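Let me begin by presenting the structure, written as structure tokens, before commenting on it.
The values are calculated or read from the model by the stated rules, or taken from the named source; none is laboratory data. As the structure is a prediction and not an experimental result, all values here were calculated from the model. Because the Cβ atoms are built from the backbone with ideal geometry, glycine has one as well, and the counts that use them run over all protein chains shown. Please note that ligands, DNA and RNA were not included when accessible areas were found on the heavy atoms of the full protein model with its side chains. Shrake-Rupley method; radii C 1.70, N 1.55, O 1.52, S 1.80 Å.
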Amino acid sequence: DAKANGRRRWSFFDPSMEEHVHTRDKIARDLRRAIDNDLLSVAYQPQLDSRTGRVAAVETLVRWTHPEHGPVSPAIFVPIAEETGLINDLGLWVLRRACQDAHHWPDITVSVNISPTQFRHPRFIDQVIETLSLYDMAPSRLEIEVTESVFAGKDDTVLTAMKRLKELGLKIALDDFGSGYSSLSYLRRFPFDILKIDRDFISPVDESPQAQAIVRTIIDLGAALGMTVVAEGIETAPQVHFLTSAGCERMQGYYIGRPAPVETASALIKSISLDPMILRPASRLAG
Ligand code: C2E
Ligand code: MG
Ligand code: MG
Ligand code: MG
């Protein structure tokens, strides 16, 4: 899970166990300062609509360049923000920035990752409403990405919040589907609009018939449940071919476009236009 991952990746900063708490606290302090002084930034990664060959959405990914350590991965500092109570401020900062930047792309949706703590925060829905109205953004253009870790609590908070967001017109995505302890019962009990297949299943599709079978099945499942299916972590043309022939609606990954600052992302959104021949390959290529 995210916490275990965060701990394991500690070694990136300091290999000695007794330094961990110290390092974590220092990073938390530096992160606090970064949030307060507007020193975070975001990158936007395009998602391609495989039916049109155009960009349908962008995912917002937080970025932080530490004054001494250089760029720090969100896989490291987001879990620290979760553990140290900074995640609500961090998440609100990202949400505001994404909605502010969204006017650059009136025709596409913008997705924002929301951590479990932030999603469960009593002020979260009000913050979403306030932010949308502040930047005059249509709710239908905002997607909220959560992972299944949001279901850790055994209460109705998550379902209530999801229903509320959907009433407002937002879309909700289940991120990293298939990783961790995915339970199909979440798909039945919670009204997700979008299903994002984890990169762990996409990476091996070129060589693994098992991975292909699983990905096909998730795509069919999502379609049968009326969800938009997104494949994450696409890095090769054969993966694009496979996913297109399997009926995957949206594609995201370095092969489509890397996460980029707002200006670069804007240029990318305008320029990406995959040839229908690439999207609808001969059966020979589709494998
Ligand atoms: P995620 O939401 O699943 O985001 C996808 C991650 O995969 C991003 O990593 C992205 O840069 C990376 N990625 C995209 N395409 C490819 C590819 O083709 N190959 C490979 N190897 N990687 C690819 P990133 O930006 O480092 O973010 C890592 C995680 O940190 C995110 O996973 C998300 O869970 C979390 N995160 C990022 N930004 C935020 C945020 O603003 N708020 C919260 N709560 N979490 C965030
Ligand atoms: Mg995500
Ligand atoms: Mg993901
Ligand atoms: Mg992830």
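Tabulated results
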quantity	calculated
Pairs, first closer than 21 Å to Pro238 by Cα and within 16 Å of ligand 4 (Cβ to nearest atom) in segment 176-203, second outside any loop (DSSP other than H, G, I, E, B) and of a type in the set (Asp, Glu), C-beta under 6 Å, six or more apart	Lys196/Asp175; Asp198/Asp176
Matching entry among Lys196, Lys166, Lys171, Lys154 (being out of contact with any helix residue (DSSP H, G or I) (no Cβ under 6 Å at 6 or more places or on another chain), within 16 Å of ligand 1 (Cβ to nearest atom) and open to solvent by 60 Å² or more (accessible area, probe 1.4 Å))	Lys171
Every pair of residues 6+ apart whose Cβ atoms lie under 7 Å, when the first sits in segment 235-246 and is over 18 Å from Ile218 (Cβ atoms) while the second is within 14 Å of ligand 1 (Cβ to nearest atom) and open to solvent by 30 Å² or more (accessible area, probe 1.4 Å)	Glu235/Tyr254; Glu235/Tyr255; Thr236/Asp206; Thr236/Tyr255; Ala237/Tyr255; Pro238/Asp206
Residue satisfying condition, being within 30 Å of Leu40 (Cβ to Cβ), modelled with pLDDT of 95 or more and of a type outside the set (S, T, N, Q), within set Ala260, Ala246	Ala260
Some residue of segment 228-242 being touching a strand residue (DSSP E or B) at 6+ places or on another chain (Cβ under 6 Å) and open to solvent by 40 Å² or more (accessible area, probe 1.4 Å)	no
Test: residue in segment 251-265 that is of a type in the set (A, V, I, L, M, F, W, C), closer than 16 Å to Glu207 by Cα and in contact (Cβ under 8 Å) with a residue 40 or more places away in the chain	no
Residue in segment 214-226 that is part of a loop (DSSP other than H, G, I, E, B) and open to solvent by 20 Å² or more (accessible area, probe 1.4 Å) present	yes
Residues (away from ligand 4 (no atom under 16 Å from the Cβ) and buried (at least 16 other Cβ atoms within 10 Å of the Cβ)) located in segment 97-116	Arg97, Ala98, Cys99, Asp101, Ala102, Trp105, Ile108, Thr109, Val110
